[in-house]
1. Work out Dmax and Rg for the stretch 6-119 from the C-alpha atoms and quote the Rg first, both in angstrom.
2. What is the calculated FRET efficiency for Ser187 to Asn131, with r their C-beta to C-beta distance and R₀ = 25 Å, to the nearest 0.05?
3. With the dipole of the stretch 27-79 worked out from charges on the C-beta (+1 for Lys and Arg, -1 for Asp and Glu) around the Cα centre, which of Leu78, Leu61, Thr29 lies farthest toward the positive end?
4. With a point put 7 Å past each Cα toward its Cβ, work out how far Glu112 is from Asp217 in nm, to one decimal.
5. Applying 1/(1 + (r/R0)^6) with R0 = 25 Å to the Cβ-Cβ distance of Arg258 and Glu299, what FRET efficiency is obtained, to the nearest 0.05?
6. First measure r as the distance between the Cβ atoms of Arg282 and Arg45, then evaluate 1/(1 + (r/R0)^6) with R0 = 30 Å and state the FRET efficiency to the nearest 0.05.
7. Using the count of nearby Cβ atoms within 10 Å as a rough guide to exposure, how do Ser44, Ser202 rank from fewest to most?
8. Ordered by packing density, taken as the mean number of other Cβ atoms within 10 Å over each peptide's residues, highest first, how do 82-91, 13-22 rank?
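Derivation of every value follows stated rules applied to the coordinates shown; laboratory data play no part. Model, not experiment: these values are computed from the prediction. Positions of Cβ are backbone-derived with ideal geometry, glycine not excepted, and every protein chain shown enters the neighbour counts.
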Amino acid sequence: MRTPRKIAVVAHQRKTLGGGLDELRRLITDEGVDELDWHEVPKSRKAPKQVRKALAGEPDLLIVWGGDGMVQRSLDALAGTKGGAKVPVGIIPAGTANLLATNLGIPHDLHEAVRIAFHGARHKLDLGILNGEHFAVMAGIGFDGAMIQDADGKLKDRLGKLSYVWTGLRHLDGPAPKAKIKVDGTSWFSDDASCVLVGNVSKVTGGIKAFDDAKPDDGWLDVGVATARNAADWARTMSRMAVGRSENSPFVHMTRARRIDVRLAEPLTYELDGGAREAVKRIRIDVAPAAVKVCVPEERIG
């Protein structure tokens, strides 16, 4: 594989890793590139515009610096741009959880992440599409969405991964409205649900496997519904996830699908790859097979 000659970078200014963006620039130029197109954003929601601008220059490689929210918004823009799926993406995990990078085997190490971006394998990954927006890791509504919403912003900056634990404890006794769920057009679940989670990968925060068999390149999305209502129920559920298979919990229902339709009795907040969105009563999720190309370690393939 030839070394990419034209590199585009879209970076979140507030995220840090190693020696920061100055070191990233040095490591990229050390690769002997011909052209470097550099874009910085103060917030992840500003990334899509810069990604589309970078793609207009037809780069050989797009490097994204930031956390899961930054990566999600960048991949969403990439998948929604003509020809974007052909440009490989190098992920530099400079965020809090870095769930996509973790699931792909990209370490929280600047030098190694850059090496993988330039010299790793180029692998096509599926994405999920929720109400028109792509995600790479997971989407959740209910307990998961409320927890993410409270952990956003200053609290996550101050506490890091502990912010999810802190806010999660506050929502253990949250609402569990009636949910009606169809998978691939067939009725599958109709009962009270505290959380509906749809995953493209297996691991969540802390390395726990929420979906034991999920793979980001198999053309499927994994679906889980939690019916836990209190601290005791959630403790049993999380312990099963930590030491066994999630589906063995009496408070978890699981399947897989290419399309998921969820209708709730009351509006709840939903999240995409750790980014909170508005409260809704309905969501539709579809799989987009082989939607993007991502740089991964050679040993992750196969």
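1. Calculated on Cα positions, Rg and Dmax stand at 12.5, 34 Å.
2. Between Ser187 and Asn131 the formula returns 0.75.
3. Of the listed residues, the answer is Leu78.
4. Going from the Glu112 label point to the Asp217 one covers 1.9 nm.
5. 0.30
6. After rounding, the FRET efficiency stands at 0.85.
7. Ser202, Ser44
8. Output ranking for 82-91, 13-22: 82-91, 13-22.
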